[in-house]
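This report refers to the structure that appears directly beneath it.
Here, each number is a calculation from the coordinates, and none is a lab measurement. What you are looking at is a predicted structure, and each value in this text was computed from that prediction instead of being measured. Please note: Cβ atoms are built from the backbone with ideal geometry, for glycine as well, and neighbour counts cover all protein chains shown.
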Amino acid sequence: MSARGASGGLTATRARARMVERLREQGIRDERVLTAMGQIPRHQFVQEALASRAYEDTALPLGCQQTISQPFVVARMAELLGAGRELGKTLEIGTGCGYQAAVLSLVANEVYTVERIRSLLDTAKANLRPLRLPNVRMKYADGSVGLTEAAPFDSIIVAAASASVPRAWTDQLAVGGRLAMPLGGNAVQTLLLIERQASGALKETRYDAVRFVPLLTGIE
């Protein structure tokens, strides 16, 4: 598929359909997530030179040493957050190009997304603008401290790996809420799901091996 072909309506639609079918084969079962993945044009969120690879199951570079997550990981994290419940008010740590926020906007009531790199946030705003998603709110800030002014959150999803779980994130998690994040360093990372139970206790469950860029603090 050429870059020109990937951005063509019919070709892109077919590519998304193939991507969704592949996600089914990989074990994604949440129809809400699959429908959202099939509706958001991933090729509009990657660099033009990489548009021909937009629907492959691979992470792609965005610049600024950041990547857009592979479709399976986006779907897997959203599915874990929503299993048996609504995502509700959702916080995304690491906006990147805006693709995951766009997917989340179709399965969550509200999406608050935080990005620490100004140029990436500007790109994400430009990518999201044509979609006119009324429930996405974006902020230039240090995601390692969450987003206190909008807390608590029913769901928190993190797009960068941390060797430990920042206390700010769990403090901003509502009762019954879930946090999905990659846990670990550069060598070994695991997809971690944290659930705040009615007692206030935190339950941790580990899932797939994953590969994410490291969580950084501050803004730039």
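Using C-alpha pairs below 8 Å separated by at least 6 residues, the relative contact order for region 57-209 is 18 percent. Counting other Cβ atoms within 10 Å as a rough exposure proxy, the listed residues 203, 139 run 203, 139 from fewest neighbours to most. Using Cβ point charges alone (K and R +1, D and E -1), the dipole size of region 57-209 about the Cα centre works out to roughly 200 debye. Calculate how steeply helix 118-128 sits against the longest principal axis of the alpha-carbon atoms of the chain, using the helix alpha-carbon long axis, and give the answer as 0 to 90 degrees to the nearest 10. With both axes taken from Cα atoms, the answer is about 60 degrees. Sorting 69, 155, 52, 164 by the number of Cβ atoms found within 10 Å of their own Cβ, with the fewest placed first, yields 164, 52, 69, 155. Under the simplified labelling scheme, the residue 22-residue 65 pair shows an inter-label distance of 2.8 nm, with each label point 7 Å from Cα along Cα→Cβ. Based on the Kirkwood approach, the hydrodynamic radius assigned to region 124-214 is 14.3 Å, with every pair of different Cα atoms included. Once both labels are positioned 7 Å from their Cα atoms along Cα-to-Cβ, the gap between residue 197 and residue 56 label points is 4.4 nm. Ordered by the number of other Cβ atoms lying within 10 Å of each residue's own Cβ, fewest first, 97, 64 fall into the sequence 64, 97.
Name the residue, out of 168, 159, 59, whose mean-square fluctuation peaks in a Gaussian network model built on the chain with Cα pairs under 10 Å. Largest GNM mean-square fluctuation: 168. Computed over the chain with a Gaussian network model linking Cα atoms closer than 10 Å, the most mobile of 140, 112, 99 is 140. For residue 125, the lysines whose Cα comes closer than 30 Å to its Cα, not counting residues fewer than 8 places off in the same chain, are 89, 139. If you run the Gaussian network model on the chain, springs between alpha carbon atoms under 10 Å, then out of 163, 36, 187 the most flexible one is 187.
In whole angstrom, the chain maps to an equivalent ellipsoid with semi-axes of 26, 19, 17, each derived as √(5λ) from the alpha carbon gyration tensor and ordered largest first. Helix 9-25 and the longest principal axis of the Cα set of the chain meet at an angle near 50°.
Once both labels are positioned 7 Å from their Cα atoms along Cα-to-Cβ, the gap between residue 174 and residue 129 label points is 3.2 nm. With helices as the sole contributors, the chain gives -8500 deg cm²/dmol at 222 nm; each DSSP H run of n ≥ 4 counts as -39500 (n - 2.57), and the sum is divided by every residue.
Between 0 and 90 degrees, the angle of helix 71-82 with respect to the longest Cα principal axis of the chain falls at about 40 degrees. Full extension of the chain segment joining residue 165 with residue 149 gains 3.8 nm, where the gain is 0.36 nm per residue of separation less the Cα-Cα distance. Rounded, prolate or oblate: which one fits region 55-183, using the alpha carbon gyration tensor with axes a ≥ b ≥ c (rounded when a/c is under 1.5, else prolate when a/b beats b/c, else oblate)? It is rounded, given that a/c, with a ≥ b ≥ c, falls under 1.5.
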